[in-house]
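Asks: Questions regarding the structure given below will be posed in turn.
The values are calculated or read from the model by the stated rules, or taken from the named source; none is laboratory data. Just so it is clear, the model here is predicted, and its values are computed rather than measured. In this analysis, Cβ positions are derived from the backbone assuming ideal geometry, glycine residues included, and neighbour counts consider all displayed protein chains.
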Number of protein chains: 2
Amino acid sequence: MHMIDSEEWCALNDVDVTATEEAAICSNYETGDVIFYEGDDVKGVYFVKAGLVGVRKADLEGNSTLLKLAEPGDTLGYRPLAADQPHRASAEAVNPSIICFIDKATVRQMIGENPALGLNFLKRAAKELGDAEEKFHESVTLSTRARFAHLLIVMQDRFGHATEDGSLQLTLPLSRSDMAAMLGVRPESVSRVIHELEGTGITHFAEREVTIRDPNSLMDVFIK
Amino acid sequence: MHMIDSEEWCALNDVDVTATEEAAICSNYETGDVIFYEGDDVKGVYFVKAGLVGVRKADLEGNSTLLKLAEPGDTLGYRPLAADQPHRASAEAVNPSIICFIDKATVRQMIGENPALGLNFLKRAAKELGDAEEKFHESVTLSTRARFAHLLIVMQDRFGHATEDGSLQLTLPLSRSDMAAMLGVRPESVSRVIHELEGTGITHFAEREVTIRDPNSLMDVFIK
DNA sequence: TGATCTATTTGACTAATATCATAGCAAGAA
DNA sequence: TTCTTGCTATGATATTAGTCAAATAGATCA
């Protein structure tokens, strides 16, 4: 994944994208390695070249929620940079990842010279804000079961594929605990919801291999 | 409240701010009047000149959550405009308000001619995104009591004032039901939390008049 | 003033999810 | 193999907040 192929950085011309890629420092992260911590000052942004990164928020009692997953092409840390705030969440490799750091002076220079880049980040922030507001609304409005169904649907979109018989296949990128952290519930509750979905025959879970036998019924579970 | 005094529009020069204000169509809204509906196409943005506006999201069962309050100087509708999405929430006057509509062609032209305006909206979106993520985290992590304490603290910051004896005074801009909608809980639960806080002596509620007798204890309630 | 309306509070009960304890199970290490 | 170790699942119980119904309190209006 090159920066030029990303939603945001594609605004740069050849010269600038080359300059930015040259200024970028790419590193390998193993599963579990931390990219930045909540509370850290923002030194720049991180472009995910390969792998999968989780963005987490923790509280005092040790509860942690998983706010989002970043895939190749995504840029991390632009939000606190734009807001002029310290990091309000930490980022950690969920899978082995290659991540390129671009210091904030370079980012600011590029945005200054290419207004379209700033607008792309505005668009990204605006979309994410809509999603975050939706997520809040769902968390207080829907049951754990419905939210898990929604998570499955989203995961299917991002990580799954259809099969010839109309069912959907999916390899979950996350453990049960991490899915629980995405929903803001306990892992036991996720286990119970999975057990329940199995009972209805809508889905089949084998470790992280999921078959969605009846996508329409799963949609119904999400809505209710 | 003039546009030039707002966090975002202050980026415009005198000529452009005058042009924008001339393009703006200002209207009066009574309490309860709707400014736009969830699902509507975005026709432009709304600058709140006076009053108080609530941004709401409803679901199929009629549950509604109050996502945020917009005060004079705030601009509504820029998020879906920037994201190129329809409105994902509705807006409604909580108090009688004066609101100026600016059509999206004008907004886009101004942003095109003044990159700083776009960056101001980026900063705004980035801050709101941080808040929204925090709100999700709180909603799944903290008790109703703690979240209500936090709401009180935020309300105090925005609408309250200190008194000479060290206690804090506040006139709530919202009904109990609307506070419940901000927290994503039922009005009965808000009543019970208020009753409980009264019992501890930390706060005193008389209709919408609130006295926070012991701000430190209120902070403790928030944290736990 | 009394009548009515709505918002709020209170109480009894129920439902949903967390908590805690324990057990199973797969993958890797000795 | 056998022993860990960590993740997942299950059962029993506790806690929290929701639901429903009724009472109360203000506000408005005739």
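Asks: Just to be sure I understand, how many residues within the stretch A:73-83 are out of contact with any Phe, Trp or Tyr (no Cβ under 6 Å at 6 or more places or on another chain) and more than 11 Å from chain B (Cβ to nearest Cβ)?
Replies: Summing the residues that are out of contact with any Phe, Trp or Tyr (no Cβ under 6 Å at 6 or more places or on another chain) and more than 11 Å from chain B (Cβ to nearest Cβ) in the stretch A:73-83 gives 2.
Asks: Is it true that residue A:76 is closer than 24 Å to residue B:123 by Cα, buried (at least 21 other Cβ atoms within 10 Å of the Cβ), in contact (Cβ under 8 Å) with a residue 12 or more places away in the chain and out of contact with any Asp or Glu (no Cβ under 8 Å at 6 or more places or on another chain)?
Replies: yes
Asks: Since residue B:150 meets every condition but one in (1) surrounded by fewer than 19 Cβ atoms within 10 Å (Cβ to Cβ); (2) touching a residue at least 24 places away in the same chain (Cβ under 8 Å); (3) within 13 Å of DNA strand D (Cβ to nearest atom), which condition does it not meet?
Replies: (1)
Asks: Does the stretch A:205-217 include one or more residues that are closer than 30 Å to residue B:142 by Cβ, outside the structural domain of residue A:93 (by TED's automatic domain parsing) and either near DNA strand D (Cβ under 9 Å from one of its atoms) or assigned to a helix (DSSP H, G or I) (or both)?
Replies: Within the stretch A:205-217, none of the residues are closer than 30 Å to residue B:142 by Cβ, outside the structural domain of residue A:93 (by TED's automatic domain parsing) and either near DNA strand D (Cβ under 9 Å from one of its atoms) or assigned to a helix (DSSP H, G or I) (or both).
Asks: Of the residues that sit in the stretch A:110-134 and are more than 15 Å from the chain's Cα centre (by Cα) and aliphatic (A, V, I, L, M), which one is nearest to residue A:68 (Cα to Cα)?
Replies: A:126
Asks: Also: Can you confirm whether residue B:67 is touching a strand residue (DSSP E or B) at 6+ places or on another chain (Cβ under 8 Å), surrounded by fewer than 21 Cβ atoms within 10 Å (Cβ to Cβ), in contact (Cβ under 8 Å) with a residue 12 or more places away in the chain and under 19 Å from residue B:155 (Cα atoms)?
Replies: no
Asks: Taking residue B:27, is it at pLDDT 95 or above and surrounded by fewer than 21 Cβ atoms within 10 Å (Cβ to Cβ)?
Replies: Taking the combined requirement at face value, the residue satisfies it.
Asks: Moving to a separate point now. Name the one entry in A:49, A:104 that is closer than 21 Å to residue A:17 by Cβ, more than 16 Å from DNA strand C (Cβ to nearest atom) and surrounded by fewer than 18 Cβ atoms within 10 Å (Cβ to Cβ).
Replies: After applying the criteria, what remains is A:104.
Asks: Right, residue B:191: closer than 21 Å to residue B:64 by Cα, not assigned by TED's automatic domain parsing to the domain that holds residue B:53 and not aliphatic (A, V, I, L, M) or not?
Replies: Numbers: closer than 21 Å to residue B:64 by Cα: yes; not assigned by TED's automatic domain parsing to the domain that holds residue B:53: yes; not aliphatic (A, V, I, L, M): yes.
Yes.
Asks: Just to be sure, is residue B:147 within 16 Å of DNA strand C (Cβ to nearest atom), in contact with an Asp or Glu (Cβ under 9 Å, 6 or more places away or on another chain) and either modelled with pLDDT of 95 or more or over 30 Å from residue B:106 (Cα atoms) (or both)?
Replies: Values: within 16 Å of DNA strand C (Cβ to nearest atom): yes; in contact with an Asp or Glu (Cβ under 9 Å, 6 or more places away or on another chain): yes; either modelled with pLDDT of 95 or more or over 30 Å from residue B:106 (Cα atoms) (or both): yes.
Taking the combined requirement at face value, the residue satisfies it.
Asks: With the requirement that a residue be part of a loop (DSSP other than H, G, I, E, B) and within 23 Å of residue A:135 (Cα to Cα), what does the stretch A:176-204 give you?
Replies: Result: A:184, A:185, A:186.
Asks: Can you tell me which of (1) within 12 Å of chain A (Cβ to nearest Cβ); (2) in a loop (DSSP other than H, G, I, E, B); (3) surrounded by fewer than 19 Cβ atoms within 10 Å (Cβ to Cβ) is the one residue B:173 doesn't meet?
Replies: (1)
Asks: What is the residue count in the stretch A:160-173 for residues that are within 16 Å of DNA strand C (Cβ to nearest atom) and either closer than 15 Å to residue A:67 by Cα or among the β-branched types (Val, Ile, Thr) (or both)?
Replies: 1
Asks: Restricting to the stretch A:56-73, name every residue that is small (Gly, Ala, Ser) and either under 9 Å from the mean Cα position of the chain (by Cα) or not in a loop (DSSP other than H, G, I, E, B) (or both).
Replies: Here is the first cut: in the stretch A:56-73, the ones small (Gly, Ala, Ser) are A:58, A:62, A:64, A:70, A:73.
Matches in the stretch A:56-73: A:58, A:64, A:70.
Asks: Take the stretch B:49-72 and flag every residue that is more than 13 Å from chain A (Cβ to nearest Cβ) and more than 18 Å from residue B:126 (Cβ to Cβ).
Replies: B:49, B:50, B:51, B:52, B:53, B:54, B:69, B:71, B:72
Asks: Also, I was wondering about something else. Condition test on residue B:138, is it away from DNA strand D (no atom under 16 Å from the Cβ) and among the charged types (D, E, K, R)? Before the answer, list the steps.
Replies: Numbers: away from DNA strand D (no atom under 16 Å from the Cβ): no; among the charged types (D, E, K, R): yes.
No; evaluated as a whole, the condition is false for this residue.
Asks: While we're on this one: State all residues of the stretch B:206-221 that are under 14 Å from residue B:148 (Cβ atoms) and touching a Phe, Trp or Tyr at 6+ places or on another chain (Cβ under 9 Å); if no residue qualifies, say none. Spell out how you get there, then give the answer.
Replies: Applying the first criterion (under 14 Å from residue B:148 (Cβ atoms)) to the stretch B:206-221 yields B:210, B:212, B:217-221.
B:221, the sole residue that qualifies.
Asks: Mind checking which residues of the stretch A:107-127 are surrounded by 23 or more Cβ atoms within 10 Å (Cβ to Cβ) and either of a type in the set (Phe, Trp, Tyr) or farther than 17 Å from residue B:119 by Cβ (or both)?
Replies: Listed by number, the list holds a single entry, A:121.
Asks: Hey, another quick one. Determine whether residue A:116 is part of a strand (DSSP E or B), of a type in the set (Gly, Ala, Ser) and assigned by TED's automatic domain parsing to the domain that holds residue A:26. Explain how you work it out, then say what you get.
Replies: Working: part of a strand (DSSP E or B): no; of a type in the set (Gly, Ala, Ser): yes; assigned by TED's automatic domain parsing to the domain that holds residue A:26: yes.
The answer is no for residue A:116.
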